[in-house]
Amino acid sequence: MRQVRVLLIDDDEDDYILTKEVFDQTSASYELSWVNSYEKGIYAILKKQFDVYLVDYRLGKGTGIDLLNEAINSGCEEPIIILTGKGDLVIDEQAMNIGAADYLVKDEIDSSSLDRSIRYSIKEASATKALKDSERKYRAIFEQAKDPILVSDSSGRIYDINSAGLKFLDYERSVILQLNTSAIFNNTEEGERFRELMESNGSLSGFECELISSKSEVYCCSLSSFIQTDMVNVKEVYHTIIHDLSHRKNLEERSVSTG
């Protein structure tokens, strides 16, 4: 197993020496490096050469919170652990809210707590990265799908819609996200029936109904939908694929009229 590359960002060399002594007492394999300024720290983070960062709260020109915020906004995916001189709940909460992996009080750090914090932070960062990668792949498939796809919930609130859906229903994204699905069902009864079936069955396929666009154009459609847990909004949502049957319906009607 390769060494875990750790960078300490701290403007006090004495603290670096003390931190190195703690690392020397751990049984795990760590490679500790050190930079002594805010500027060098953010440069190293952007270069992505380390697995985890230990950042002192006091960094002369700026603070560890400032550096954390800049790193997160710059797309840093590696864990950042904030080091404070003493327990400060305000700093701790601020750091965690921005995206710190953990915070440690310098005077209370020992080899066991440091090792545990680093291992936990790397594990969590790896899981988060995997989730983001999965979300990016889903997003690409969602946007590239040729069929309209709508994401809504049992109340009818619309959470998302792909590009094909925006084109089909002729809405701007900002507008349709303010609407309820009742606005796109041409018949209220069909919209209610759709939600009833989803709540009772959890999925449906081939549900025929009429949808209406922003310009009052009515389309005969077939809906296929399933329930999925939305981890962002922490609730169950309907993923609904819309199939336009208007062309088929027109051909059927012409066949009947000519028959």
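The values are calculated or read from the model by the stated rules, or taken from the named source; none is laboratory data. The structure presented is a predicted model; accordingly, all values stated were derived computationally and were not measured. Counting neighbours? That spans all protein chains shown, and the Cβs are built from the backbone with ideal geometry, glycine included. The accessibility values were calculated without ligands, DNA or RNA, using every heavy atom of the protein model including side chains. Shrake-Rupley method; radii C 1.70, N 1.55, O 1.52, S 1.80 Å.
Averaging 1/r across all pairs of distinct Cα atoms in segment 1-110 and inverting the result yields a Kirkwood radius of 13.9 Å. Each Cα pair under 8 Å and six or more residues apart adds its separation to the average, and for segment 1-50 the resulting relative contact order is 51 percent.
Measuring from a point 7 Å past the Cα of residue 139 along Cα-to-C-beta, which residues in segment 152-182 have an amide N at less than 19 Å? Under cut-off, by backbone N: 152, 159-166, 173-175, 177.
Within the chain, what's the longest stretch lacking GluC sites (Glu not before Pro) that sit in DSSP loops with no more than 13 other Cβ atoms inside 10 Å? By the stated rule (loop sites, at most 13 other Cβ atoms within 10 Å), 78-171. Using C-alpha pairs below 8 Å separated by at least 6 residues, the relative contact order for the chain is 11 percent.
Its residue count N fixes a reference of 2.2 N^0.38 Å for segment 109-250, and the Cα radius of gyration divided by that reference is 1.36. Rounded to the nearest 0.05, what FRET efficiency do residue 17 and residue 122 have when you use their Cβ-Cβ distance and R0 = 22 Å? Computed FRET efficiency for residue 17 and residue 122 comes out at 0.35.
With a ≥ b ≥ c taken as the square roots of the eigenvalues of the C-alpha gyration tensor of segment 172-236, please select rounded if a/c is under 1.5 and otherwise prolate if a/b is larger than b/c or oblate if it is not? Here segment 172-236 falls in the oblate category. Here the chain carries DSSP beta bridges of which approximately 60% are antiparallel, counting only pairs with both residues inside. Stretching residue 113 away from residue 47 to a fully extended chain increases their span by 21.0 nm, per 0.36 nm per residue minus the current alpha-carbon distance. Per residue, the accessible area of the chain comes to 58 Å² when a 1.4 Å probe rolls over the protein heavy atoms. For segment 97-142, the Kirkwood estimate of hydrodynamic radius, built from reciprocal distances between every pair of different alpha carbons, is 12.6 Å.
Projected label points at residue 201 and residue 173, each 7 Å from Cα along the beta carbon direction, are separated by 3.1 nanometres.
For the chain, the Stokes-Einstein estimate of translational diffusion at 10 °C and a viscosity of 1.306 mPa s comes to 71 µm²/s, using the Kirkwood hydrodynamic radius over alpha-carbon pairs.
Using the Cβ of residue 185 as centre and a radius below 9 Å, the other residues enclosed give a net charge of -4, where K and R count +1 and D and E count -1. For segment 80-168, pairs of C-alpha atoms spaced more than 19 angstrom apart make up 61 percent of the total.
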